[in-house]
């Protein structure tokens, strides 16, 4: 998994590229935790996310809980259809704020 | 076009990295699209992760057999291991409606497999776990 960081207004945009699975999940968990500690409003841009399994979903949930516990915004955007389908199957589409693209997320 | 192949894996998490290559070989021989390949990869990933993580508590190297049987209509896969008896179909169901703070991740992998595959069966035979999954190609 590769990461790209960018500031966009009040938001910190973390862009993902690659596969989020059992092998890459610990690294993403660390990256997300560090970002939540230092930033107040985070958008995770999933346009480059090619694959996610339940290990990856676990890290997304963990990050959402951490952000929620400290009153921070943690949004997801730009998911490919097959990734979005896994979020829907898992019931995660109901607990995450998921936007079509970064611009839509920025409006919130 | 039909394609049959047996892959020999071991109970090591690094074996999961072979899945994209295995799926690529299957896709070349049976002409299924990326969406189907994604679903099969995900289902095999979840099932093998469970087997490798929990099936061999005593450690040591064990073999896991992956049989692939593809036709124009169906892509079927059989995972055979001699680890601890585990019927994934009896795994605890996740509470999909729980709010974020109460959500637990347990059982989610099996739930995903059930939803992306058209067939999902388990049997215990001669001290082995045999899990069969299949997806319709037409």
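The values are calculated or read from the model by the stated rules, or taken from the named source; none is laboratory data. Predicted model only: the values in this text are computed from it and were never measured. Using ideal geometry, Cβ is built from the backbone for each residue, glycine included, and neighbour counts are taken over all protein chains shown.
Considering B:112, B:135, the condition of being at pLDDT 95 or above and away from every other protein chain (no Cβ under 12 Å) is satisfied by B:135 alone. The single condition from (1) in contact with a strand residue (DSSP E or B) (Cβ under 6 Å, 6 or more places away or on another chain); (2) free of Cβ contacts under 8 Å to residues at least 60 places away in the same chain; (3) farther than 27 Å from residue B:47 by Cβ that residue A:43 fails is (2). Checking each residue in the range A:81-96 for being in contact (Cβ under 8 Å) with a residue 24 or more places away in the chain and outside any helix (DSSP H, G or I) picks out A:90, A:95, A:96. Note on the range A:66-80: residues that are free of Cβ contacts under 8 Å to residues at least 12 places away in the same chain and either surrounded by 15 or more Cβ atoms within 10 Å (Cβ to Cβ) or in contact with a strand residue (DSSP E or B) (Cβ under 8 Å, 6 or more places away or on another chain) (or both) amount to 1.
Checked against (1) surrounded by 17 or more Cβ atoms within 10 Å (Cβ to Cβ); (2) in a helix (DSSP H, G or I); (3) out of contact with any strand residue (DSSP E or B) (no Cβ under 9 Å at 6 or more places or on another chain), residue A:22 meets all criteria but (2). If you go through the range B:77-102 and keep only what is within 14 Å of chain A (Cβ to nearest Cβ) and touching a residue at least 24 places away in the same chain (Cβ under 8 Å), you end up with just B:88.
So is residue A:30 surrounded by fewer than 17 Cβ atoms within 10 Å (Cβ to Cβ), outside any helix (DSSP H, G or I) and under 13 Å from the mean Cα position of the chain (by Cα) or not? Judged against the criteria, residue A:30 is not a match.
On the stretch given as the range A:81-107, residues that are over 27 Å from residue B:43 (Cβ atoms), surrounded by fewer than 17 Cβ atoms within 10 Å (Cβ to Cβ) and either within 11 Å of chain B (Cβ to nearest Cβ) or in contact with a strand residue (DSSP E or B) (Cβ under 8 Å, 6 or more places away or on another chain) (or both) total 4. Within the range A:59-80, the set of residues being within 11 Å of residue A:49 (Cα to Cα) and either assigned to a helix (DSSP H, G or I) or more than 11 Å from chain B (Cβ to nearest Cβ) (or both) comprises A:77, A:78, A:79. Determine whether residue A:6 is more than 14 Å from every other protein chain (Cβ to nearest Cβ), free of Cβ contacts under 8 Å to residues at least 60 places away in the same chain, in contact with a strand residue (DSSP E or B) (Cβ under 6 Å, 6 or more places away or on another chain) and more than 30 Å from residue B:40 (Cβ to Cβ). Judged against the criteria, residue A:6 is a match.
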